[in-house]
Amino acid sequence: MAAPLELSCWGGGWGLPSVHSESLVVMAYAKFSGAPLKVKVIDNTWRGSRGDVPVLTTEDNFVSQPAKILNFLRKQKYNADYELSARQGADTLAYIALLEEKLLPAVLHTFWVESDNYFTVTKPWFASRIPFPLSLILPGRMSKRALNRILLTRGEPPLYHLREVEAQIYRDAKECLNLLSNRLGTSQFFFGDTPSTLDAYVFGFLAPLYKVRFPKVQLQEHLKQLSNLCRFCDDILNSYFRHSLGGISPAGQETVDANLQKLTQLVNKESNLIEKMDDNLRQSPQLPPRKLPTLKLTPAEEENY
């Protein structure tokens, strides 16, 4: 009997099994390859401190990062690429590198750096699934990590300033989407009628961008103009994740959005309160420690000791 495989990942919303791109990549690949994953959605009982998910757990292994998890699954004979030719395998690696270089920075910026999106959608959604008081700290850490990753790959001369970097990453992302759309054409998947690793990566990167309701939708609007990529995401959701989603009606989605708005206000109030308390503590005068008085014993008391 094969060892049980448990995937710890961020949960879903907006009709997605997960709103987290890297979690979606692994979940989609597991569906395509037939890997029997038991999905453990992160909730208020979680005790992680860095947000490093997804994580695959077996009887004697902990594997993180999508590429490493997918390699582990292949070694366990769960291979979604066994029908690909050597040329198609090379194309897979090239397109994944393109996604990570050209599209990922814009996805990270949309979720974690764009101020309106972060404070009204990303921060309250993730904070609601993390135990207090980590919920007040971890989203900010994840935002800073995303910004550092963007600047590390894009903040080179002549792009010294963040606004210049933003303009470039969105240009690159739109070009990448256009290339993906042209490559997919009218096919169901990128290499014919069977999904593969590349389909898992493209779905994982595009689906949250396509489905999550953001106030700032620059890249989302461009994606929605590419009907074959939107159809690609919808087909995978309907074919592989229908039973795990349960469907949300338009009225139900409006309720979810209203609850998220209330949660946004609550999280922002809590964050502001914590920041004010921290500022007050930093600005308050620091009194020197009090010295405890030394008790002197009388000769009679000394004899008793």
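For the stretch 75-91, filtered to residues that are open to solvent by 60 Å² or more (accessible area, probe 1.4 Å) and free of Cβ contacts under 8 Å to residues at least 12 places away in the same chain, the residue that is nearest to the chain's Cα centre (by Cα) is Lys75. For the stretch 221-236, a residue qualifies if it is surrounded by fewer than 19 Cβ atoms within 10 Å (Cβ to Cβ) and within 18 Å of Phe190 (Cβ to Cβ), and the qualifying residues are Ser227, Asn228, Cys230, Arg231, Asp234, Asp235.
Which ones in the stretch 28-42 are open to solvent by less than 70 Å² (accessible area, probe 1.4 Å) and either assigned to a loop (DSSP other than H, G, I, E, B) or modelled with pLDDT of 95 or more (or both)? Selection gives Ala28, Tyr29, Ala30, Phe32, Ser33, Gly34, Ala35, Ile42. Scanning the stretch 158-190 for residues that are closer than 15 Å to Gln218 by Cβ and among the basic types (Lys, Arg), we see that the one that is modelled with the lowest pLDDT is Arg163.
Residues Ala146, Ala94, Ala173: which one is open to solvent by 20 Å² or more (accessible area, probe 1.4 Å) and outside any loop (DSSP other than H, G, I, E, B)? Spell out how you get there, then give the answer.
On the way: Ala146 fails: open to solvent by 20 Å² or more (accessible area, probe 1.4 Å); Ala173 fails: open to solvent by 20 Å² or more (accessible area, probe 1.4 Å).
Exactly one residue qualifies, and that residue is Ala94.
Just to check your reading of the model, which residue among Phe191, Phe203 is among the aromatic types (Phe, Trp, Tyr) and more than 18 Å from Ser21 (Cβ to Cβ)? Walk me through how you get there before you give the answer.
Numbers: Phe203 fails: more than 18 Å from Ser21 (Cβ to Cβ).
None of the others qualify; the one that does is Phe191.
Would you confirm whether any residue within the stretch 130-138 is under 28 Å from Leu70 (Cα atoms) and outside any helix (DSSP H, G or I)?
Of all residues in the stretch 130-138, those under 28 Å from Leu70 (Cα atoms) come to 130, 138.
Of the ones still in play, those that are also outside any helix (DSSP H, G or I) are 130.
The answer is yes; a qualifying residue exists.
The values are calculated or read from the model by the stated rules, or taken from the named source; none is laboratory data. Quick caveat: nothing in here was measured; it's all calculated off a predicted structure. In this analysis, Cβ positions are derived from the backbone assuming ideal geometry, glycine residues included, and neighbour counts consider all displayed protein chains. Note: areas computed on protein heavy atoms with side chains; ligands, DNA, RNA excluded. Shrake-Rupley method; radii C 1.70, N 1.55, O 1.52, S 1.80 Å.
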